[in-house]
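The values are calculated or read from the model by the stated rules, or taken from the named source; none is laboratory data. Every value quoted in this text rests on a predicted model; they were computed, and no experiment measured them. Heads up, the Cβs are rebuilt from the backbone with ideal geometry, glycines too, and the neighbour counts pull from every protein chain shown. When the accessible area is computed, the model is the full protein with side chains, heavy atoms only, and any ligands, DNA or RNA have been set aside. Shrake-Rupley method; radii C 1.70, N 1.55, O 1.52, S 1.80 Å.
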Amino acid sequence: MNIKKSILIRVRIAFLVICLFACAIVYKIVHIQFLDGAKWKKISKERRIHYQPVFATRGNIFSDNESILATSLPFYRVAFDPTVAKADVFNAGVDSLALLLSRFYGDRSEDYYRRKIKNARHAGRRYIRLNSRQINYQDKKVMARWPIFREGKNKGGVIFEKVEKRFKPFGILAERTIGFINEDKNGAGLEYSFNSELAGTNGEALFERIAGGNRPIYDGTEVKPLDGYDIKTTIDINLQDVAENALYKALEKTNAAYGCVIMMEVKTGEIKAIANLGRTQGGYIEDYNYAVGNQGRTEPGSTFKLASMMALFEHVPSLNLTDSIDTGDGRYRIKNTIMSDAKINGYGKITVQEVFEKSSNIGVAKLMEEHFGGNQQAYVNYLNDFGLNSTLGFQMDGEARPFIKSPQDKSWYGTSLTSMAIGYELKLSPLQTLAFYNAVANNGVKIQPIIVKEIRKADNVIQSFKTRVLNEKICSEATLKKLRVMLEGVVQHGTAKNILSADYKVAGKTGTARKVKDGRYVKEYSTSFAGYFPADKPKYSCIVIIDSPKGVNVYGADVAAPVFKELADKAYARDLAMHKPLLARVVPNKDSMPHVQAGGLDDLTLICNTIGISSHPKGTDAEWMKDEEWVKVEPQRRSLNFKPNPVLQGRVPDVTGLTLRDALYVLGNQQLQVRVEGQGKRVQAQSLEPGTVIQKKMRITIKLS
């Protein structure tokens with residue numbers, strides 16, 4: 001009995017506690033709802049309404065002829081306040097509106113949109129997003145005429161939320177140069193470098209937090225955004241297109257790692273084309289600005305020999321192009337390393353000009369040892385005076401800092417002088433190399449390359465960028481004259497003969513630098529060609545880099561130089577001011593082609609260029625032209641085709657077709673005793689078969705016709 005009574009007491013106490021707790025809850029609800037209601041409503045409203053930025057329209061990026069390279073296009077998301085419309089307007093149009101939404105978006109049924117709108121109106125929801133898909137301006141104009149929507153924002157409740165997207169009319173053309181900027185304000189290219197000008201100033205307006213998103217409140221306190229400025233670049237769309245296509249073809253053909261092309265006007269420094277392509281699994285895309293940035297900063301190789309020769313001529317003004325130097329058999333020991341030339345068995349004794357034209361490493365190294373061996377710092381001082389150790393202050397962010405070693409560095413070795421002279425143990429970006437070549441073309445005036453000409457607001461120029469001189473005179477006039485002769489010689493009868501043009505003169509230098517992997521030089525190359533044209537009156541300078549090409553012919557002349565020529569041909573064809581008067585041109589035809597059978601390659605090439613006849617190596621492989629001195633000729637309808645006519649030591653050469661003078665020269669060098677029969681200008685026949693082993697005091701008879 002006592003136990004039952006104890007349990008009842010406990011139950012009653014628990015029930016009483018629960019009743020008291022319930023009463024407390026009811027009291028608190030009443031207190032909050034009625035006594036403190038105004039206070040909490042005010043706090044709720046304050047937290048629900050807030051200022052939010054209204055983004056400015058980003059400025060446009062234009063080419064040199066004001067074609068749009070990048071612009072901001074307006075897109076919209078469609079939202080709706082279903083409580084705004086009057087009952088009769090809403091009821092009359094909701095079915096048609098649901099049908100139109102279903103047909104337009106194609107993702108949901110008519111019933112879905114009808115229920116969504118009616119349920120939101122019934123629940124008093126002030127904001128719903130009808131669909132997350134963005135529409136363009138034309139779609140917006142069509143939707144604005146739909147039922148309910150046609151009443152506008154204040155009476156119909158439609159809300160078109162503006163969303164801007166960056167659009168590039170030319171697609172991937174100059175994609176990396178145009179660049180991008182993300183939400184974290186990180187990016188690349190012009191979009192990033194000129195973000196403060198392009199972005200404009202954001203405004204702000206009141207927005208209300210409601211179910212489904214934020215609804216703008218236009219109460220007159222909003223601050224309108226200030227749209228960004230436009231920028232006008234120096235890019236020529238047509239030349240940019242040619243540069244990218246030519247580069248792409250060369251990269252695909254050689255399966256190279258990456259490549260870049262820069263072309264600019266000599267006098268102004270305006271960049272007309274800048275292409276950067278890197279290899280991906282799907283092909284080649286503009287993935288990095290190799291022309292300017294750190295990843296493109298490499299050992300330039302033989303294109304740097306121009307700087308070395310400039311230093312030599314400045315240091316030793318008496319050094320002439322006709323002075324000779326013995327390059328030996330193609331191998332030369334410097335300290336504990338062996339330097340070699342491209343030609344097997346070497347070039348022997350050649351002139352200073354030929355050292356540059358044939359790109360003889362040994363020739364350059366011996367000249368450097370002779371004139372700078374006792375004062376290696378003097379050579380580095382010249383390089384610094386040329387501005388090669390300084391950045392250009394380019395308008396785009398990310399310019400690589402050049403690296404020029406000095407004798408005070410711990411990494412300076414006994415071979416550093418000669419290595420630097422041929423383009424190793426130092427690093428430059430392609431743009432920095434081009435600026436140096438451009439200075440030679442520009443009568444010694446080194447200027448800063450530019451890619452943006454103007455910052456504008458509509459037609460009003462806010463800021464313009466003019467040519468800035470970095471060095472009034474990079475070297476003496478005497479040195480410039482020697483360098484120009486050498487650069488033209490490289491194309492006329494040196495390593496770049498394959499891009500010789502009958503229409504205009506080209507001056508330039510090939511480069512083939514071995515790559516470093518794991519601290520050692522490997523048999524992979526960075527190939528290049530840098531130069532300018534027309535050589536007699538320079539208008540454009542250009543550099544081409546093809547990195548790590550694969551295949552048999554992987555030298556600068558084979559890989560990079562043809563890209564230069566394709567771009568130069570296009571630029572020449574478009575610029576009538578560079579063309580020679582037609583009356584001064586000799587137009588070859590079938591009846592006027594010279595009767596040529598054989599001869600010296602350099603002589604025939606010079607004659608063809610002088611009288612305006614096109615000449616080409618026979619077949620697709622022109623590599624033999626680097627080493628052969630004598631050729632056979634096959635006349636075509638409007639050109640001459642050359643094929644090799646090798647002269648082998650200890651063997652009877654083929655002299656048929658040669659002039660008497662050339663035949664006597666060739667046969668005399670082979671220690672043959674020559675007897676001449678008949679009269680005429682050319683050799684018709686010879687008594688000994690070509691290839692016969694030459695015996696001591698052997699005689700040969702040649703017949704003239």
Next item on the list: Per DSSP H run of at least 4 residues, take -39500 (n - 2.57); add these up for the chain, divide by its residues and hand me the 222 nm value, nearest 500 deg cm²/dmol.
Entry: -10000 deg cm²/dmol
Check: If you compute Cα Rg over 2.2 N^0.38 Å for the structure shown, which of [x] 1.08; [y] 1.45; [z] 1.03 do you land on?
Finding: [y]
Check: Between the helical axis of 110-122 and the dominant principal axis of the chain, each derived from Cα atoms, what acute angle in degrees is found, rounded to the nearest 10?
Finding: 50
Next item on the list: Could you tell me the accessible area of Y192 in Å² (1.4 Å probe, neighbours in place), rounded to the nearest ten?
Entry: 80
Checklist line | Positive dipole terminus of the chain, leading residue within I545, I61, I344 (C-beta point charges) | finding: I61
Next item on the list: With r as the distance between the Cβ atoms of D518 and W412 and R0 = 30 Å, compute the FRET efficiency 1/(1 + (r/R0)^6) and round to 0.05.
Entry: 0.85
Next item on the list: Could you order peptides 177-183, 532-538 by the average number of other Cβ atoms within 10 Å of their residues, highest first?
Entry: 532-538, 177-183
Note to self: Quick check: pseudo-label points 7 Å beyond the Cα along Cα→Cβ at R331 and D536, how many nm apart are they?
What the structure shows: 4.6
Next item on the list: Excluding Y437 itself, calculate the net charge of residues whose Cβ lies under 12 Å from the Cβ of Y437, where each Lys or Arg counts +1 and each Asp or Glu counts -1.
Entry: +4
Notebook entry, point to check: According to a simple spin-label model (label point 7 Å from Cα along Cα-to-Cβ), what is the distance in nm between R108 and E183?
Noted result: 2.3
Check: What angle do you read, to the nearest 10 degrees and between 0 and 90, between the alpha-carbon axis of helix 37-48 and the longest principal axis of the chain?
Finding: 10
Checklist line | For N131, residues with placed amide H under 5 Å, excluding near neighbours | finding: V78
Next item on the list: Quick one: angle between helix 305-315 and the longest Cα principal axis of the chain, in degrees between 0 and 90, rounded to 10, please.
Entry: 60
Next item on the list: Collect residues whose amide H, placed 1.01 Å from N in the peptide plane, falls under 5 Å from the amide H of N471; neighbours closer than 5 in sequence don't count.
Entry: K446
Notebook entry, point to check: Amide H to amide H, which residues 5 or more places from A685 or on other chains are under 5 Å from it, using H placed in the peptide plane?
Noted result: K703
Check: Where does each of R484, R115, R514 land when they are ordered by accessible area, with a 1.4 Å probe and the largest first?
Finding: R115, R514, R484
Next item on the list: Provide the FRET efficiency to the nearest 0.05 for the R468-D602 pair, computing r from the beta carbons and using R0 = 60 Å.
Entry: 0.90
Checklist line | Karplus-derived 3J(HN,Hα), 6.51/-1.76/1.60, for each residue of the range 237-250, Hz, glycine and proline x | finding: 4, 5, 5, 4, 5, 5, 4, 5, 5, 5, 5, 4, 4, 5
Checklist line | Given charges at Cβ of Lys, Arg, Asp, Glu: the range 393-445 dipole, positive-most of A435, T415, G398 | finding: T415
Next item on the list: Restricting to the chain, compute how many DSSP beta bridges are antiparallel as a %, nearest 5.
Entry: 90
Next item on the list: Mind giving me the FRET efficiency for K140 and K165? R0 is 22 Å, r the Cβ-Cβ distance, nearest 0.05 is fine.
Entry: 0.95
Check: Past the 23 Å Cα-Cα mark, which pairs from K272/K497; K349/K697; K224/K457; K427/K515; K358/K410; K267/K570?
Finding: K272/K497; K349/K697; K358/K410
Notebook entry, point to check: For the chain, which whole-number percentage of the solvent-accessible area (1.4 Å probe, protein heavy atoms only) is attributable to carbon and sulfur atoms?
Noted result: 51
Note to self: Suppose all protein chains stay in the model; what accessible area per residue would a 1.4 Å probe give for the range 359-488, in Å²?
What the structure shows: 39
Margin query: I'd like the accessible area for Y665: 1.4 Å probe, protein heavy atoms, all chains in place, Å² to the nearest 10.
Written below: 120
Item checked: Additional length obtainable on full extension of the chain from N294 to K86, 0.36 nm per residue less Cα span -> 68.5 nm
Item checked: E370 accessible area, assembled protein chains, probe 1.4 Å, Å² -> 130
Notebook entry, point to check: So for K4, K249, what's the accessible-area order with a 1.4 Å probe, most first?
Noted result: K4, K249
